[in-house]
1. Can you tell me what share of the DSSP beta bridges in the chain is antiparallel? A percent to the nearest 5 is fine.
2. Among Ala174, Leu143, Ala158, whose Cα lies farthest out toward the positive end of the dipole of segment 80-214, if unit charges sit on the beta carbon of Lys, Arg (+1) and Asp, Glu (-1)?
3. Could you give P(r) for segment 91-206, binned at 10 Å from zero, as whole percent values over all Cα-Cα pairs?
4. Along Cα→Cβ, 7 Å out, is where each label goes; now give me the distance between the ones at Arg199 and Arg74 in nm to one decimal.
5. Sort out the exposed loop GluC sites (Glu not before Pro) in the chain (DSSP loop, at most 15 other Cβ within 10 Å) and tell me the longest stretch that has none.
6. Find, among the trypsin sites (Lys or Arg not before Pro) in segment 20-91, those assigned to loop by DSSP (not H, G, I, E, B) with at most 14 other beta-carbon atoms within 10 angstrom.
7. DSSP loop trypsin sites (Lys or Arg not before Pro) in segment 157-188 with at most 15 other Cβ atoms within 10 Å of their Cβ, which ones?
8. HN-Hα J couplings of segment 131-143 from phi, Karplus 6.51/-1.76/1.60, θ = phi - 60°, integer Hz, Gly and Pro as x?
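Please treat every number below as a calculation from the coordinates, not as lab data. Worth saying up front: this structure is predicted, and the values here are computed from it rather than measured. A quick note on method: Cβ atoms are made from the backbone with ideal geometry, for glycine too, and the neighbour counts reach across all protein chains shown.
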Amino acid sequence: MPTVYLLRLNQATLQRTRSQLAGTEVRVAGCNVLLADALDELVTLAPDIVASDLRLTDSHAMRVAHELGRLPMRPQLLLLPPTADDLQLFAALSAGANAYHVDDGSGLGLADALSRLHDRRAMLSPQLARHALAAFGIERSPLTLARPAAGALDNTPAGRQIDQASRHLLTLLAQGLLLAEIATLWKLEAAEIERRIWRLVRLLHVRSRELLIA
């Protein structure tokens, strides 16, 4: 059962999210609308996941990612944007967030998204996959290489930190293929595709730090 700490833009959204998670397998360890007030609680509570809006009253998701990285035990960070097209979403994922869940206000799928992240599984939209390819400095694979199941096993280098199998995966995601479609092509479970995406996001963190140093 994952434990989550909620960071939401306002009290109304916070209470709505708590209500939506009531009765699920996710346990809410704590909540706040201010990052500054949450930091000491996060040290004490040590949740598995922090679920945060992209924008907070006193901060933003990139700062949240930075502060979580300074904690003795770093929780994973799930972003809750209203749309996957938000310009800050990819920046926050690169800065240290682990996954995202589009929060349309209904609460639909939130508990599942938290459970998947707890299992180190994530997803990327086509637009975010295109951003990731650009961040790694690589172009899309030819579909004749990306679609066959053999592409999932290609661990030859494609660029810094990234292998050809990861490049092929980003290519298929950028093309708009669904997880189930990729899993069928590659003869893998959808959960394995999600785990590969989670690892790709971790590589984005490394790439982002490299670019900052450079």
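1. Bridges in the chain are about 15 percent antiparallel.
2. It is Ala158.
3. With 10 Å bins starting at 0, P(r) equals 14, 48, 31, 6, 0.
4. 1.8 nm
5. Working: sites that count: Glu25, Glu139, Glu189.
Excluding the exposed sites themselves, the longest stretch runs over 26-138.
6. Numbers: sites: Arg27, Arg55, Arg63, Arg70; in loops: Arg70.
In loop regions of segment 20-91 (DSSP not H, G, I, E or B), the sparsely surrounded trypsin sites (Lys or Arg not before Pro) are Arg70.
7. Details: sites: Arg160, Arg167, Lys187; in loops: Arg160, Lys187.
Loop-located and lightly packed - Arg160, Lys187.
8. Listing the rounded values in order: 4, 5, 4, 5, 5, 7, x, 10, 8, 5, 6, x, 4 Hz.
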